[in-house]
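The next block holds one structure in the form of structure tokens; read it before the comments.
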Amino acid sequence: MRRKNKGHSLGVWALALFIITGCAGPANPVVILPSNEESRVSLTYFGNKYEPENVQVIEEIISQFMLENPDIRVAYESLKGSAYYEALLKRMANGKGDDVFMINHDTELILASQGQLADLSGLATIENYTDEMLSQMREQEHIYWVPTTVSVFGLYCNLDLLQKHHQNVPETLAQWEAVCDYFVSQGITPVIANNDISLKTAAIGIGLAALYQTRQQADYFEQVNLGSATLSEKLRPGFAYVEAMIANGYLDPEATLATQKTSDDLELFANGQTPFLLTGAWAAGRLAQKNPDFAFSVVPYPLLEDGSFAVINADTRLSVNADSPHREEALRFVEFFTRPENIQKFADQQASFSPLKNGGHSTLTQIQPLIPAYADGRVVIGSDSLLDKPIWELTAKAVVRLIQGESLDQVMEQLDADAEQEEQS
């Protein structure tokens, strides 16, 4: 049973903009429009895309939108990481929510259940989405968010270091373990992991891969939603493998707890002393910009006995505030942002895939090995919208407990207890 929302049809908007970093600081850029006396509507857009290159693409799309809609102006504000979602929920709870904002699976569950998301099903661009994406987006007859990218999580490989040690890029679990065991024997910790997405995506993928391959995930998620099944029932093997990686010396647990996503982990990998990194493919462009003195590629997780898989998410999701005084304009803007040419521009910059039918994927060379897995359906959705549990947050907490030394049984018991508590709250 999916959570429902009393969404209203909303509007959309447009703008031309420039970046002000001043008092906002580099981690909290604000994109606003120059003063235009002819503008009749001002909209606010809140998101977690804060890096200059990301903001630049958003600026380009918004600028073009304003050229077509000169009666609308917009301000874009962003925050980094988990602070963004905390601020978003606080703003919405206080009745000070922005007109348009980015959400993820977990915040959508909260805001949709409170009737704070507008229905986007009337957007002309909805028909462009793939059936897989539509299955994620639809809440019965309503749609409360639209994705602008499909993010992919994969294994970064230092190709030069592997070649130096006469090792190959692994494609199966046996090959992966053989390569990792070799580097451990050489006194090299083979894997860099961050304290957010690295290990939880591996655990989710291992635990749910068989369900996705046999198309049984929807039935299982329905059982979990109804309380007749638990998350640990399927996720335990994935967390057991994370526990084994720690025990076998594949990663440094203490270092992992201190390694921040898409910052510390990239710096560590760029040093060129470690063969593997687990993180999102969207970081490949940033890593390339560091000009490492080695070649690298991002491949599917080689964590199954019979092959590999990629973990994906419908990402950079846009929603409209159900209580926005400018719903019409806001809907207009979201419809513009999700035009195929804008989706392609945004996905390419994000080193991500397109959520649209016949949509192109990022042209970044290093992530091309991920495309066959995506095209062949060898994927697991990391935070599936058919699941009414905040799996992204729950699994992150479970990984931390495991790294800190709690037993697998304790971690799984607490995971289920936390999931049950979320349902009651």
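Yes/no matrix, rows are residues, columns are (1) over 27 Å from E108 (Cα atoms); (2) touching a residue at least 12 places away in the same chain (Cβ under 8 Å); (3) acidic (D, E); (4) crowded, with 21+ Cβ neighbours inside 10 Å:
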{"residue": "E341", "(1), (2), (3), (4)": "no, no, yes, no"}
{"residue": "F346", "(1), (2), (3), (4)": "no, yes, no, yes"}
{"residue": "K357", "(1), (2), (3), (4)": "no, yes, no, no"}
{"residue": "T363", "(1), (2), (3), (4)": "yes, yes, no, no"}
{"residue": "L370", "(1), (2), (3), (4)": "yes, yes, no, yes"}
{"residue": "Q410", "(1), (2), (3), (4)": "yes, no, no, no"}
{"residue": "D418", "(1), (2), (3), (4)": "no, yes, yes, no"}
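Given Q350, Q414, which one is open to solvent by 40 Å² or more (accessible area, probe 1.4 Å) and either under 26 Å from Y85 (Cβ atoms) or without any contact (Cβ under 8 Å) to a residue 12 or more places away in the chain (or both)?
Q414
Scanning the range 61-95 for residues that are more than 18 Å from the chain's Cα centre (by Cα) and open to solvent by 80 Å² or more (accessible area, probe 1.4 Å) gives Q64, L67, E68, K90, A93, N94.
The set of residues from the range 211-233 being open to solvent by 70 Å² or more (accessible area, probe 1.4 Å) and in contact (Cβ under 8 Å) with a residue 24 or more places away in the chain comprises Q213, E222, L226. Among the residues here, G122 does not qualify as more than 17 Å from the chain's Cα centre (by Cα), part of a loop (DSSP other than H, G, I, E, B) and surrounded by 15 or more Cβ atoms within 10 Å (Cβ to Cβ).
Taken over the range 277-306, the criterion of being open to solvent by less than 10 Å² (accessible area, probe 1.4 Å) and either among the acidic types (D, E) or not in a helix (DSSP H, G or I) (or both) is satisfied by L277, L278, T279, G280, V298, Y301, P302.
I'd like to check something: does the range 184-192 contain any residue that is under 18 Å from F239 (Cα atoms), in contact (Cβ under 8 Å) with a residue 60 or more places away in the chain and under 28 Å from the mean Cα position of the chain (by Cα)? Yes, the conditions are met somewhere in the range 184-192.
In the range 153-182, the residue that is farthest from F269 (Cα to Cα) out of those that are out of contact with any Gly (no Cβ under 7 Å at 6 or more places or on another chain) and part of a strand (DSSP E or B) is G154.
Restricting attention to the range 234-276 and to residues that are at pLDDT below 95 and of a type outside the set (V, I, T), the residue that is most open to solvent (accessible area, probe 1.4 Å) turns out to be Q260. Of the helices (runs of 4 or more DSSP H) lying entirely inside the range 338-425, those containing at least 1 residues that are closer than 28 Å to P253 by Cα are 391-403, 408-424.
The values are calculated or read from the model by the stated rules, or taken from the named source; none is laboratory data. Note that the structure is a prediction, hence the values are computed from the model and not measured. Quick reminder, even Gly has a Cβ in these numbers, built from the backbone with ideal geometry, and neighbours come from all protein chains shown. Surface accessibility is based on the protein's heavy atoms, side chains included, excluding ligands, DNA and RNA. Shrake-Rupley method; radii C 1.70, N 1.55, O 1.52, S 1.80 Å.
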